[in-house]
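Beneath this line is the structure, given in structure tokens, with notes to follow.
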Amino acid sequence: SDESSEDEAQIKWEEQQIKKAIKLSQETYDDASVHKSQPAKPKFDPSVSLPPVNLEIVKKRLTGRITSLQDVHRAHQREYEKYMEDIESSKMTVQELEKSSDAALNYKFYRAMKTYVENLINCLNEKLKYINELELAVHALLQQRARRVLKRRHDELKNESAYIQHLTSRNDKATNGGLEGAEKTELLETCEHRRTCRRQVRESSGEADHHEGMSSDEELMPTEVTEFQRSKDNLLEDSRKVFEDVHADFCDIRKILLKFQEWKEKFPDSYCDAYISFCLPKLLSPLIRIQLINWNPLEQNFTELEEMPWFRAIEEFGDAKTVSESKRDDDSDQEVLHRVIEKTILPKITAFVKSVWDPLSTSQTKNLVQLCNNIFEKQVLSKNECSRAKEDLINMVVLRMKKSVEEDVFIPLYPKSTVEDKSSLCSKFQERRFWSAVKLLSNVLLWDGIVQEDRVRDLGLSKLLNRYLLLNLLNTPPGPDNIEKCNKVVACLPGRWFQDLKSGSTLPELLNFCQHLLQCARTLHKNNHSNETKEVLLLLVKVKALRIVEDFIEEYKLEHLKSMI
């Protein structure tokens, strides 16, 4: 038992020693780790020299440090401002959402608008083919009437010229293209009858300033008028039936625009994002065209565009001031009317010019010029945009006038012995053809200000005056008749052509005409016709041929006429 107790004591002592050894080794390891992780501080060695330090280096380092801190501060400031703006924007959005109607109501409005637009487009697509057919039919009817008048005029001119040529040649055989039977003789008699009726109407109305040949000769036979009116009435009746089965919300332009105006007032931003103002002209075009079925700008007392219901409705829509919270300042609805004119009205006018307009008709030309002035000058078209439709219209006007100059102008030249008798057929026919050309000259020059000036001067002066009229004037003896013709020619010339002329010379295209006036003045002065001479000089003054007048006054010592310059 003693040995066993000693053994147990020995074992306990050994265990205690082992525990102490383990604990001691653990503490030693921890101390070594701590000493290893903490590097020893370098000891200051006074023998080592440090780099020199002065105030400039310290100041430079401090300045760089401050600059760096300021940049960081500014970046933080910008970030802070951005966050504040986002906070304000979020607050405004919250307020707008709180003020706005419920999302379900907005969705209901958009869904109803989508359904309405789809139904409207389907309706217009369905009716478009009928509108196209009616428009083509009415235009074909007007074109047929215009061609009939033009063909009759050309046939009568050809027959009358051949008839007079046959008489002057004193040949019993009919010349080529001459009268061949009673039918053409009847045509000439009918022409003379219409001429007599127009003369009687002018005499009864007191119209004095008129010459034979200045009438357009547009009268139709009663049967032709009745047939034309019946066909036109049938087409107009068909046009009234196109939308008779359509609700007013889908065919009344004012009500259609009210729908879009409601959209604009409630949701202006989405209205602008949908580019509605660019879509409306095409959307409304079929409805406008059906209202223009009976519109003819060439007729007397035609309805002005401003008086039409569709024009007033679109104008009111564009002028409506919408009070909204939209941040957009531009209102593109003001351009809707301009685009409607551009896309719908100008092409229709161009079609009239191409197929229906008669450049020899003064009434048609004046109506057309007045309409174009209203469109181009009264802010109906944007001033700053180059309109393709406008260019097409002007080019078509020039083309038609050029064709009329080439086909409608014919002034025959006869021997003086045949035209000295003013009552002879040759003299009357020649005078009618001259005054017809003068009327065409007047109609061409009416386009000044709409058509480019160089194109008007080329047609009116170079092609018509110098090529046709001047030849007749040169063969007319100086006297009252010649002065009257020259006076009428000068009266046709636009006054603004001569406002900026300097150095006492006239337009280059009028040099030959001025030389003719000068020759007339010399002849009249030699024959002691002082009043007629003064009239001719006044014509030269009107066309700014001042140098010619001055030389004439100096040549003939007419000092008393210097006051007219």
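Listed conditions (1) at pLDDT 90 or above; (2) open to solvent by 10 Å² or more (accessible area, probe 1.4 Å); (3) of a type in the set (Gly, Ala, Ser) are all met by GLY504, apart from (1).
Taking the range 128-139 as the range and being closer than 13 Å to ILE293 by Cβ, of a type outside the set (Phe, Trp, Tyr) and open to solvent by 50 Å² or more (accessible area, probe 1.4 Å) as the test, the residues that pass are ASN132, GLU133, LEU136. Among all residues of the range 425-441, there is none that is touching a strand residue (DSSP E or B) at 6+ places or on another chain (Cβ under 6 Å), free of Cβ contacts under 8 Å to residues at least 40 places away in the same chain and closer than 30 Å to PHE376 by Cα. All conditions in (1) open to solvent by 10 Å² or more (accessible area, probe 1.4 Å); (2) without any contact (Cβ under 8 Å) to a residue 40 or more places away in the chain; (3) over 29 Å from GLU156 (Cα atoms) hold for PRO480, with the sole exception of (2). All told, ALA313 falls short of being in contact with a His (Cβ under 8 Å, 6 or more places away or on another chain), at pLDDT 90 or above and in a helix (DSSP H, G or I). Using the structure shown, decide if LEU287 is at pLDDT 95 or above, open to solvent by less than 60 Å² (accessible area, probe 1.4 Å) and part of a helix (DSSP H, G or I). Criteria met by LEU287.
Go through the range 295-308 and count every residue that is assigned to a loop (DSSP other than H, G, I, E, B), without any contact (Cβ under 8 Å) to a residue 60 or more places away in the chain and open to solvent by 20 Å² or more (accessible area, probe 1.4 Å). Give the derivation first.
Step one: list which residues in the range 295-308 are assigned to a loop (DSSP other than H, G, I, E, B), which gives 295-304, 308.
Going one step further and asking which of them are without any contact (Cβ under 8 Å) to a residue 60 or more places away in the chain, we end up with 295, 301, 303, 308.
Subsequent filtering for residues that are open to solvent by 20 Å² or more (accessible area, probe 1.4 Å) retains 301, 303.
Qualifying residue count for the region: 2.
ASP329 falls short on exactly one of the conditions (1) at pLDDT 90 or above; (2) open to solvent by 40 Å² or more (accessible area, probe 1.4 Å); (3) acidic (Asp, Glu), and that condition is (1).
Assess whether SER277 counts as being more than 30 Å from THR365 (Cα to Cα), open to solvent by less than 40 Å² (accessible area, probe 1.4 Å) and in a helix (DSSP H, G or I). Judged against the criteria, SER277 is a match.
Which one of ASP31, ASP45, ASP86 is outside any helix (DSSP H, G or I) and modelled with pLDDT under 95?
ASP45
Determine if the range 478-497 includes at least one residue that is among the β-branched types (Val, Ile, Thr) and not in a helix (DSSP H, G or I). No, the range 478-497 has no match at all.
Screening VAL549, VAL536, VAL543 for residues that are without any contact (Cβ under 8 Å) to a residue 24 or more places away in the chain and surrounded by 19 or more Cβ atoms within 10 Å (Cβ to Cβ) leaves exactly one candidate, VAL549. Within the range 101-127, work out how many residues are closer than 25 Å to THR344 by Cβ and either touching a strand residue (DSSP E or B) at 6+ places or on another chain (Cβ under 6 Å) or exposed (fewer than 14 other Cβ atoms within 10 Å of the Cβ) (or both). Number satisfying all stated conditions: 6. Can you tell me how many residues in the range 355-374 are among the hydroxyl-bearing types (Ser, Thr, Tyr) and either open to solvent by less than 10 Å² (accessible area, probe 1.4 Å) or touching a Phe, Trp or Tyr at 6+ places or on another chain (Cβ under 8 Å) (or both)? So the count comes out to 2.
The rows are residues; the columns are (1) in a helix (DSSP H, G or I); (2) closer than 24 Å to PRO494 by Cα; (3) not assigned by the TED database to the domain that holds GLY479.
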| residue | (1), (2), (3) |
| --- | --- |
| THR523 | yes, no, no |
| ASN528 | no, no, no |
| THR533 | yes, yes, no |
| VAL536 | yes, yes, no |
| LEU540 | yes, yes, no |
| LYS544 | no, yes, no |
| ASP551 | yes, no, no |
| GLU554 | yes, no, no |
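The values are calculated or read from the model by the stated rules, or taken from the named source; none is laboratory data. All values reported here derive from a predicted model rather than from experimental measurement. Glycine gets a Cβ as well: all are built from the backbone with ideal geometry, and neighbour counts include every protein chain shown. Just so you know, the surface numbers come from the protein's heavy atoms only, side chains and all, with ligands and any DNA or RNA stripped out. Shrake-Rupley method; radii C 1.70, N 1.55, O 1.52, S 1.80 Å.
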